[in-house]
Amino acid sequence: MINRINELKKMSFGPDIIGIAPASRFDANDPIFKILPETKSVICLAYRIPRGTQRGIEEGTTYYHYSTIAVECLEETIMPMMTLRCARILEEEGYIGLPQRKTQTIMQEEDSTNPEILYNHIRRGITQEYQMNYVESAAKCGIGEIGMSGSLLTDDYGPLQRYCFVLTDAELEPTPEFKPHICDNCGECIKACPGNAIKDKKKDPWQCAAYYAGANMSKNPFMSDHALPHREDRLEILSGKKQLTAEDAKDVINNISYYPPIMHSYISSICGHACDRACYVHLEEKGVLNKKFHNKFRTREEWVLEVK
Ligand code: SF4
Ligand code: SF4
């Protein structure tokens, strides 16, 4: 059965990385045991983010492709399809396969948000909908480590992948635990965030949401010179220096809009995950990523626009 699961990688649109964790790597109170009490193994299916989808943002030219193709298409089409295939293999062998993909529009927290989704399309406080801790679960499945940015880093693609899971009652041969060795605490991810949203290995959700949507004028070619006229603190916000409350972030997001919403309530990323791009550039320059390209991802100095 493990061979059939690993063969998913060879299928059209199959995952780039597969990792398997035994249930013993998870605490007894982990959400996986509320979702499927008889869980014996957790299968992680990871997909690289084609770095070409981020080149437009890197150049300041095209932005929609990253969010439509590398976020929406992977999350809503490719990854659910592959968790279904994986679950079908498990069921054919007489085991349960319970697909787990991020449910992007609902959350247990009452006061948080998901920067990739329009904040007013999220249903909050849904306590019966248990969600796995995605990044921690992926690390437990042995595919990578959690970097200072809070993102998962793998040996092949650095921070550029997305992932989903299948829970099963089958005892599968586990992937060895990943010994952290990629993140060198260089801090490039923190420096690159246009909203100073990364602290203590976490992204502040509301701060990230506003700057993911493009609140920093110096990194947003669509921003009008007269943006946020109703805010006395507009220059502080537009230069990424203001610590935003949830209400501030909502007000900023309501008053900046550059692309129409994508399907499934996704918004177009204007920061283009600058944190992860900076990390990728750093790891590529160090030569530590297994997946090599003919040309470097970053080919010139980063552009910066005037804040006025
Ligand atoms: S660079 Fe973008 S995605 Fe990363 S923390 Fe900052 S705002 Fe969020
Ligand atoms: S940019 Fe540097 S500090 Fe940040 S996650 Fe990557 S390697 Fe770690």
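No lab work stands behind these numbers, since they all come straight from the coordinates. Fair warning: this is a prediction, and the values are worked out from it, not measured in the lab. So basically every Cβ, Gly included, is an ideal-geometry build from the backbone, and we count neighbours across all protein chains shown.
Under a model in which nothing but the beta-carbon of Lys, Arg (+1) and Asp, Glu (-1) is charged, the chain shows a dipole of about 640 debye around its Cα centre. Taking Cα atoms only, the orientation of helix 79-92 departs from the longest principal axis of the chain by about 10 degrees. Pick from 144, 19, 52: which is most flexible by mean-square fluctuation in a GNM of the chain where alpha carbon atoms under 10 Å apart are linked? Greatest mean-square fluctuation among the candidates belongs to 52. Projected onto its three principal axes, the C-alpha set of the chain covers 63, 46, 32 Å, listed from the longest axis down. In deg cm²/dmol and to the nearest 500, what is the mean residue ellipticity at 222 nm of the chain if only DSSP H runs of at least 4 residues count, each as -39500 (n - 2.57), divided by the residue total? For the chain, the value works out to -6500 deg cm²/dmol. Taking each of 34/140; 241/292; 202/242; 102/203 in turn, the alpha-carbon distance tops 26 angstrom for 241/292. Of 207, 100, 128, the residue with the greatest mean-square motion in the GNM of the chain, using alpha carbon springs below 10 Å, is 128.
The HN-Hα couplings worked out from phi for the stretch 211-221 by the Karplus form 6.51 cos²θ - 1.76 cosθ + 1.60 (θ = phi - 60°) are 7, 4, 7, x, 5, 8, 4, 5, 10, 9, x Hz, whole numbers, x standing for Gly and Pro.
A simple charge model with +1 on the Cβ of Lys and Arg, -1 on the Cβ of Asp and Glu and nothing else charged puts the dipole of the stretch 188-286 at about 200 debye relative to its Cα centre.
Relative to one another, the C-alpha centroids of the stretch 192-227 and the stretch 86-104 are positioned 37 Å apart. Within straight-line reach of residue 250, meaning a Cα separation under 13 Å, sit the following aspartates and glutamates at least 8 residues removed in sequence or on another chain: 111. The residue list 131, 166, 261 was ranked by how far each Cα lies along the charge dipole of the chain toward its positive end, using unit charges on Cβ atoms, and 261 comes out on top.
Of all the options 227, 139, 70, the one that moves most in a Gaussian network model of the chain with Cα springs shorter than 10 angstrom is 227.
Between residue 111 and residue 9, the simple label model (points 7 Å from Cα in the Cβ direction) yields a spacing of 4.4 nm. Here the stretch 20-61 is scanned for amide nitrogen atoms under 11 Å from the site 7 Å beyond the Cα of residue 130 along Cα-to-Cβ, giving 28-39. Classified by the C-alpha gyration tensor, the stretch 120-189 has an oblate form. Its axis ratio a/c, with a ≥ b ≥ c, is 1.5 or above, and a/b does not exceed b/c.
Here the label points at residue 293 and residue 103, each 7 Å from Cα along the C-beta direction, are separated by 3.6 nm in the simple model.
In this simple spin-label model, placing a label point 7 Å from the Cα along the Cα-to-Cβ direction at both residue 123 and residue 35 gives a separation of 1.8 nm. Here the stretch 2-168 yields Rg over Rh of 0.96, to two decimals, using C-alpha coordinates and the Kirkwood radius. Note on the stretch 29-119: Cα Rg divided by 2.2 N^0.38 Å, N the number of residues, gives 1.36.
All other residues whose Cβ lies under 10 angstrom from that of residue 130 are scored, Lys and Arg at +1 and Asp and Glu at -1, for a net of -1. Annotation for the stretch 206-251: trypsin sites (Lys or Arg not before Pro) lying in DSSP loop with at most 15 further Cβ atoms inside 10 Å of their Cβ are 241.
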